[in-house]
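For reference, the structure is listed below as structure tokens.
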Amino acid sequence: MAKYSVTQSAVSHLLVDVKSNKIAIPELQRPFVWDSVKVRDLMDSLYKGYPVGYLITWQSVGAKLKGGQVAAHQQILIDGQQRITALRAAVAGLKVINKRYKSVRITIAFNPITEKFETLQPVIERDPQWIPDISQYFNSESPLSFAREYLERNSGVNAKTFEINLARLGKIPNAQIGIINLADDLDIEEVSDIFIRINSKGVPLSSADFAMSKIATYGDRGRNLRKLIDYFCHLAVAPHAYGDIEENDGEFAKTPYLEAIGWLKSQAEDLYDPEYGDVIRVAGLVGFNRGKASSIVSELSGRDPETRKVDEDRIPVAYDKLEHALLQIVSNYHFDNFLMLVKAAGFITAGMVSSKNALNFAYALYLRLREDKAMSEGERKRIVKRWFVMSMLTGRHSGSFESTWEQDIRRIGEQGAANYLKQIEESELSGAFWSVTLPASLETTSAVSPFFQTFLAAQVTSGARGFLSKGITVAAMHQQSGDIHHIVPKDYLQKNGFPDRGDYNQVANFVLTETSINISIGNKSPAIYMAQIDAQIKHGVLTLGEITEAEDLARNLAENAVPTHLSTVEARTYKEFLVERRRLMAATIRDYYQVL
């Protein structure tokens, strides 16, 4: 069977197909990202007969149309949404959705004497030589009357030039645009590969993009579920947009979905701001036990995973599952409680979480475990926290993670979450991991390394204070202000045989400390600034921080996993210091994990 077909369609026919929903364009419900200059240039290219690129559609067997019918071959537009939206605006005179989710017009004017297109502006609107809105001409019931009125307003223009150019303008609705129709039996990976090969920009489409397009084809319900995902993600980062959505999207405002995400209008938390791809992935795990976004497309298409044949009766069931999963995901109660679990594990700021996928799977796991009524709340919290931290330490959700997700969710269902987690821990978090693998992983210069950030999370949960601080905690400095400081100062190391960034910027040389303490230490060697602390303890005169007791100093060094012999560390013993510090940091992380 052919993988695709190529056809030509006139602009006017294309717009009719969109209006009749023969071609489904979910992007019409999302903010239009082109500026008016691009719309103007598109009209100019069509006027001059220039190619404007191919549209790419994907046949969707079993897609639901308005009125409840099921289309055998509805086309989902997967590339060309902005061009179609631009044509609807300029040719059909329809409104677009702007970034404030408000319906607005983009009006393109044309000068039939100079053959110029421009975005409508007051000065152009006042100039009788311009046709202020080309859509009025395209949709005029009497083009002859339109032309006559123009010539009456512009008696001095060359009538023949005007008529020739107006006729050329009138051919835009008949301009041909190429359409590449991809067959419905292609899987998402193959569709994406074809797209890359024929798209000059080579920008890959994600499986989440396909899933979002597929969701929107299921009539009003699908369109509003698509909006639920979009608006949830948008409000998570821009709560102020709630009023715009409520005011400008009457269709969505009438659904219960707006109320379901209404809590976001007063939410300022940014620890976990999922994008639509994240929501799709979580929904796949929660609703379908599937780790691949492409699997959701198959489910929503009614394709039986065993026979790979389409069964239309499966489609409404799949949308029920999707809706149920999405309403769990966007629930204020569930979302807030999950974030409290992540914070309870010590990850209190977004910058501490280097893997969004680790959050995605942990959230899906949390929602799945809530369905287990026999599991206690304490056990549920323990499993979710440990799974999240385990995945941060092992990179379980990086690389080709989708297959791992499917395996994990399947085995959790078969063995139970607690038993399967214990199995992973015994395999991947063995004694060798804590004593060898983790210290080796801490040999890095990246302050955003998941290993260093997990060390900081361990400090947060234990209430550790900043380096040489008497009362200011690591948690407080994370949330307010604090410096990542070199225990053995950078300038001291550079002047004593370690000029390379890879040497002095090792995370084993990093601690979080107060700005004032950092400034006081400056470029002094550990021997010098620790001597200050010793003098401070002996005489009670504060010169560096506020620690005045030897026992308190020992506790502070332990809280920061700093070797007790810090005062003897110098350039020649710096490498040995790093090895010892990594060992202490790994031990801190191990102890933290074991009590989660």
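For the range 284-440, which whole percent of the accessible surface, found with a 1.4 angstrom probe, sits on carbon and sulfur atoms?
The computed percentage sits at 46.
Given Pro439, Asn496, Asn154, which one lies farthest toward the positive end of the charge dipole of the chain, if we put +1 on the Cβ of every Lys and Arg and -1 on the Cβ of every Asp and Glu?
So the residue furthest toward the plus end is Asn154.
Which of these values of Rg/Rh (Cα atoms, Kirkwood Rh) was calculated from the structure shown: [x] 0.97; [y] 1.13; [z] 1.10?
Recomputing Rg/Rh (Cα atoms, Kirkwood Rh) here picks out [z].
Using the charge dipole of the chain (Lys, Arg: +1 at Cβ; Asp, Glu: -1 at Cβ; taken about the Cα centre), state which of Leu544, Met477, Pro563 has its Cα farthest towards the positive end.
Checking the options against the dipole of the chain, the answer is Met477.
Would you mind working out the magnitude of the charge dipole of the range 501-588 relative to its Cα centre, with +1 at each Lys and Arg C-beta and -1 at each Asp and Glu C-beta, to the nearest 20 Debye?
So the dipole magnitude of the range 501-588 works out to roughly 400 debye.
Considering only DSSP states other than H, G, I, E and B, which GluC sites (Glu not before Pro) in the range 80-148 qualify as loop sites with at most 15 other Cβ atoms within 10 Å?
Hits after loop and neighbour filter: Glu115, Glu141.
Could you give me the ³J(HN,Hα) list for the range 447-452, computed from phi with Karplus coefficients 6.51, -1.76, 1.60 and θ = phi - 60°, whole Hz, x at Gly and Pro?
Here the 3J(HN,Hα) series is 6, 9, 3, x, 6, 5 Hz.
List the residues, sorted by chain then number, that are 5 or more residues from Leu94 or on another chain and whose placed amide H is less than 5 Å from its amide H.
The list, which skips near neighbours in sequence, is Ala89.
Along the positive direction of the dipole of the range 258-396 (beta-carbon charges: Lys, Arg +1; Asp, Glu -1; about the Cα centre), which of Trp387, Val342, Ala268 reaches farthest?
Trp387
Kindly count the pairs of lysines across the range 202-346 whose alpha carbons are less than 15 Å apart, treating pairs on different chains or eight or more residues apart as eligible.
Close lysine pairs under the 15 Å cut-off: 4.
Note down the relative contact order for the chain as a percent, whole number, built from C-alpha pairs under 8 angstrom at least six residues apart.
After rounding, I find 10 percent.
Calculate the spin-label point distance for Ala432 paired with Leu542, positioning each point 7 Å from the Cα along the beta-carbon direction, and give it in nanometres.
Distance between the two pseudo-spin positions: 5.0 nm.
Quick check for me: using +1 on Lys/Arg Cβ and -1 on Asp/Glu Cβ, what's the dipole size of the chain about its Cα centre, in debye to the nearest 20?
Here the size comes out at about 580 debye.
With charges set only on the Cβ (+1 for Lys and Arg, -1 for Asp and Glu), what does the dipole of the range 227-339 come to about its Cα centre, in debye to the nearest 20?
The dipole of the range 227-339 has a size of about 500 debye.
Tabulate in residue order the Karplus-calculated ³J(HN,Hα) for the range 240-253, using 6.51 cos²θ - 1.76 cosθ + 1.60 with θ = phi - 60°, rounded to whole Hz; enter x for Gly and Pro.
Result, ordered by residue: 5, 6, 4, x, 5, 5, 4, 7, 9, 10, x, 4, 5, 4 Hz.
Over the chain, with the other protein chains present, what is the accessible area per residue in square angstrom, probe 1.4 angstrom?
44
Near the amide H of Thr473, under 5 Å away, which other amide H atoms are found, from residues 5 or more places off or on another chain, if H is placed in the peptide plane?
Here the answer is Gly466, since their amide H atoms fall under 5 Å of that of Thr473.
So what are the ³J(HN,Hα) numbers for the range 163-177, from phi and the Karplus equation (6.51, -1.76, 1.60; θ = phi - 60°), rounded to whole Hz, Gly and Pro as x?
Each residue of the range 163-177 in turn: 5, 5, 6, 5, 5, 5, 4, x, 7, 4, x, 9, 4, 8, 10 Hz.
The values are calculated or read from the model by the stated rules, or taken from the named source; none is laboratory data. Model, not experiment: these values are computed from the prediction. As a convention, Cβ positions derive from the backbone with ideal geometry for all residues, glycine included, and neighbour counts pool all protein chains shown. These area figures cover heavy atoms from the full protein model, side chains too; ligands, DNA and RNA do not enter into them. Shrake-Rupley method; radii C 1.70, N 1.55, O 1.52, S 1.80 Å.
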